[in-house]
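What follows is a short report on a single structure.
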Amino acid sequence: MRSATYLQPGERRGCVGCHEPMATAAPARQLMAMKRQPSLIEPGPDGTRPMSYPRLVQPVLDRYCVSCHDGTQGPGKGRTDLSGTIDPPFTRSYRNLKPYLNWYAWGHGHHITLPGTLGADTSRLTAILSDKNHVGVKLDDQSLRKLYLWMDANVPFYGTYWPEEQAAQLKGAAVDPPALQ
């Protein structure tokens, strides 16, 4: 899903309504999820409430990637600068990752997107994480989940529209999620 959803205590969320073709009906069978109790919604990792690239993605890059991809030249160094150096209004890593991502760009004729056609499933970054050039780099499951979550949320940098909060997020600070309206 290429968006974030916030729920208040007691609210429920379902996926029915968005991911089925409009001209068809659901199959007449009991789905696996209907054979068990509903899953409890657990808060996402730091940097998801609201979304914040500097808090969600940059720590993963700092831990696993920046030692080779720090913007310097030389043996064993990657060409892509994945440092968190601020390059307003984003960071160098965010700007430099864009060519390796498959994301929904508004105004490019994508009126409807089918599940699995954008995000982590089809981004070059996902393949690069396990290619022959990165054999010695093994991200833990939580770090991979953070990258996939970010790609599947349509690679946001900021989780707010307020300039003051964006400035705080750019520096790595946490901001409050949207207030109940």
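Since every read-out is calculated from the coordinates, none of them should be taken as a lab result. The structure presented is a predicted model; accordingly, all values stated were derived computationally and were not measured. Here the Cβ positions follow ideal geometry from the backbone for every residue, glycine too, while neighbour counts run over all protein chains shown.
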Testing the spin-label approximation: label points 7 Å from Cα along Cα→Cβ at Thr122 and Asp62. State their distance in nm. 3.3 nm
If we restrict to alpha carbons, what Rg and Dmax does segment 90-163 come to, in Å? 13.6, 42
By how many degrees, between 0 and 90 and to the nearest 10, does the Cα long axis of helix 141-152 differ from the longest principal axis of the chain? 70 degrees
Taking N as the number of residues in segment 120-171, the ratio of its alpha carbon radius of gyration to 2.2 N^0.38 Å works out to 1.44
Give the average over all directions of the projected area of the C-alpha convex hull of segment 44-170, one decimal, in nm². 8.6 nm²
For the chain, built as a Gaussian network whose Cα springs stay under 10 Å, the top-fluctuating residue of Gln58, Gln142, Gln169: Gln142
What list of ³J(HN,Hα) values in whole Hz, one per residue of segment 28-37 in order, does the Karplus curve 6.51 cos²θ - 1.76 cosθ + 1.60 (θ = phi - 60°) give from phi, with Gly and Pro shown as x? 7, 8, 7, 7, 4, 5, 7, 8, 9, 5
Label-point gap, in nm, between Arg95 and Arg13 - each point 7 angstrom along Cα→Cβ: 3.3 nm
Most fluctuating residue given options Ala120, Ala33, Ala153, as computed from a GNM of the chain linking Cα atoms under 10 Å: Ala33
Run lengths n ≥ 4 of DSSP H only: what is the helix-derived mean residue ellipticity at 222 nm for the chain, with -39500 (n - 2.57) per run over all residues, to the nearest 500? -6000 deg cm²/dmol
If the chain between Thr85 and Thr113 were fully stretched, how many nm would it gain, using 0.36 nm times the residue separation less the Cα-Cα distance? 6.8 nm
